[in-house]
1. So who's got an amide H within less than 5 Å of the one on B:A288, skipping anything under 5 residues away but keeping other chains? H placed 1.01 Å off N, in plane.
2. Using only alpha carbon positions, build the gyration tensor of chain A, then give the equivalent ellipsoid semi-axes as the square roots of 5 times its eigenvalues, largest first, whole angstrom.
3. What are the residues of segment B:189-237 that lose 50 Å² or more of accessible area, with a 1.4 Å probe, going from their chain alone to all protein chains?
4. Spelling out what I want: for every residue of segment B:166-172, take phi, set θ = phi - 60°, compute 6.51 cos²θ - 1.76 cosθ + 1.60 (Karplus), and round to whole Hz; glycine and proline get x.
5. Excluding same-chain residues fewer than 8 positions from A:K131, which aspartates and glutamates have a Cα within less than 18 Å of its Cα?
6. Could you do me a favour and compute the accessible area per residue for the protein assembly as shown, 1.4 Å probe, result in Å²?
7. Taking the alpha-carbon distance from A:K318 and a cut-off under 26 Å, which lysines remain once sequence neighbours fewer than 8 residues away in the same chain are dropped?
8. Taking the Cα-to-Cβ direction at A:A292 and at B:N126 and moving 7 Å from each Cα, how far apart do the two end points lie in nm?
Amino acid sequence: MQQGGDIGATRPVLDVRRLKTVFNLGSAEVHAVNDVSFHVRRGELLGVVGESGSGKSVTMMSLVGLLASPPAEVRGGEVLLDGIDILKLTPRALSDIRGARIGFVFQDPMTSLNPVLTVGDQLAEPLIRHKGMDRRRAAARAVELLEMVGIPDARARMSGYPHQFSGGMRQRVMIAIALACEPDLLIADEPTTALDVTIQAQIIDLMQDLRQKLGMAVIWITHDLGVVAEIADRVMVMYGGQVVEEAPVRDLFAAPRHPYTRALLRTVPALDGARLHRLNTIEGQPPILFEAPGACSFRHRCDHADAQCACVNPDCCKVAAARDATDDPKSGHFVACHHVPALPGAEARAVAVDA
Amino acid sequence: MLDHAIPEDLVTVEGLTMHFPIHAGVFRRRVGAVRAVDGVSFSIARGETLGLVGESGCGKSTVGRALLRLCEPTAGRVVIDGEDVTTLDAARLRAKRPAMQMVFQDPQASLNPRMTLKQIIAEPLNVHTGWDTDRKLARVRELMEAVGLDRRFVNRFPHEFSGGQRQRVGIARALALNPKFVVCDEPIAALDVSIQAQIVNLLEDLQERSGLTYLFISHDLSMVRHIADRVAVMYLGRIAELSPREALFARPLHPYAEALLSAVPRADPSRAAGRRRIVLKGDVPSAARMPPGCNFSTRCPRAFDRCRTEIPRLAEVEPGRQVACHLFDPTKPAAG
Ligand SMILES: Nc1ncnc2c1ncn2[C@@H]1O[C@H](COP(=O)(O)OP(=O)(O)OP(=O)(O)O)[C@@H](O)[C@H]1O
Ligand SMILES: Nc1ncnc2c1ncn2[C@@H]1O[C@H](COP(=O)(O)OP(=O)(O)OP(=O)(O)O)[C@@H](O)[C@H]1O
Ligand SMILES: [Mg+2]
Ligand SMILES: [Mg+2]
């Protein structure tokens, strides 16, 4: 069934199957990523949301070999980039793919930019290495890239060091580096947290443009549900190191199924309407991932939890076809919950804007 | 609730200016200056939250750092609780530190990678209290609980945390000494909405209980609308508008504030299509080369001749609302 009509345009650029990552801390293990499967097609934008600490960053970093090992161990799974399992590549080959074919924007710009190199040098480096440009051409292209992400006075800024840039400017430098080689896949981990909404809109437009022009696929991790609603084709929701729900964006917002997703959508504060005295939160603590999940990890915070939830970890199953139904077996509304039939479906109003 | 009679100001900022020199060439000669903050004045009442929003790179973090004298401002006065912090000597500044704290924008960079979570949060307690180990540990645990970090994390190092977990370590550390004034620089940017709500509720509880005062820097306008009493909108080193929350969100006056508020994405794909976003066109000037008149004039859809020659002053245009824009100049009627 996985293979289905796996040909031509529908074939995913990236297909991740049952990825498992553990941090081995000697005395204890942290099971950060547990059997995570997802895919993204050419030109598609997959939004990834989920609780803080739910394994979003670790998932993405493990699939391109960016975690220090030890302590990180990828204990299983396949990561197919155009059909080739990149987990089996040598570190050297993987590092060529990163930068050239996969661009990565880190959640924490200050630690991933080199503090002692100028921004211009850091932008030119991948162009020289992967695109074979000479210094002059690389420098000219670097200025263009900085302009593309809206850094004013880009030429003068090339000789600046990261600490001389504002938080949002550093984030945009990271984006420019990730886009430098026009990758097939961009993985962006909270790429716009330090950007105001107008510059964020500009970055989003740039990304949409590259998706159309180059067919670039994008994985966009964010806590901003407004951004997800606006730009994603599909959304994947993570909780406790697992994918708990995945659906086309409209389906997810119109009829969220997983109790965690529903709780998450209820917590969004409104920009208009009455101001709440206290903001909504999801009661209870997130799971601490000292062992692989043997039960539903949301059960302690869930109104529907029963005996079954405490002993069987639910699989992420298809509960409905995508509304704009295609015959692609990979598309649809997937949920990992034992109580999906009991949960209200289409009538659920998720949107907090009118609250 | 807030006492509206005579709000006594905890923080008063006058003409705050911060210019960073630009060096170039082999000899790193000084060739100009980045005017990161250019004559900013405002005040914050005791127990009030002032929101600070604006374009990326407009100088918000620099204002925050200069307020707590984490950098030396080029000019201006910053009075906090009756003392001008820009002139305090090292010893007096140190004595004042516990009362004024900062939550940094870049959590990873502000946490010492070689210290465990316990050591990081306890550091201000070591420096400024004479408490014994047990009392300090109890306080660390209390703080961790308040920001939603599992107590079993105490011996972990910063790199072992997710982005949002690290951000909460920074918040716990800033609150350790029960400060009076906290500059929160994007304190919730890396958190999911539920934990954002938990942190914001915590900040509000502390404010209600012990009258904390906040400068809350954020790009998240719906959160600013929730937490701030008044909001300052900055553009390129200057304040464009400073208004009470409700008034600003209902009817922004400054054209930049209007454009900013129109661009917020909503968590509703069915509405995303029908929105009217004001897209700013024109050159984005840089803080190194400011235009001669209003710094927004190169992109302002409503700019007229005067805007390109004369810098508008921040002035009260309606009760409680200050705007720096010639369109609202009460003395001379605007052309067009
Ligand atoms: N080096 C490490 N050693 C031990 N545990 C780790 C390490 N790195 C991450 N973790 C743990 O793995 C879990 C997943 O972390 P991850 O960074 O993927 O979360 P996230 O979903 O990206 O969260 P956020 O939204 O806060 O960035 C967290 O509980 C974190 O504490
Ligand atoms: N140490 C420094 N040296 C030179 N320029 C600096 C330095 N620190 C900041 N700047 C410049 O000052 C301006 C304002 O920076 P600041 O960090 O205050 O912006 P910000 O409003 O916080 O932006 P963001 O929302 O992106 O965090 C920027 O142009 C920045 O490049
Ligand atoms: Mg993360
Ligand atoms: Mg900043």
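1. Answer set, sorted by chain and number: B:R35.
2. Over the Cα atoms of chain A, the semi-axes work out to 34, 24, 21 Å.
3. B:D192, B:V193, B:S194, B:N201, B:H219, B:S222, B:R225, B:H226
4. Coupling constants for segment B:166-172: 4, 4, 6, 4, x, 5, 4 Hz.
5. Here the aspartates and glutamates satisfying the reach criterion relative to A:K131 are A:D96, A:D121, A:E144, A:E182, A:D184.
6. Result: 42 Å² of accessible area for each residue.
7. Within reach: A:K20, A:K56, A:K330.
8. In this crude label model, A:A292 to B:N126 measures out at 4.0 nm.
The values are calculated or read from the model by the stated rules, or taken from the named source; none is laboratory data. Just so you know, these numbers come straight off a predicted model, no measurement behind them. Note that each Cβ is placed from the backbone with ideal geometry, even for glycine, and that neighbours are counted across all protein chains shown. With ligands, DNA and RNA removed, areas are computed over all heavy atoms of the protein, side chains included. Shrake-Rupley method; radii C 1.70, N 1.55, O 1.52, S 1.80 Å.
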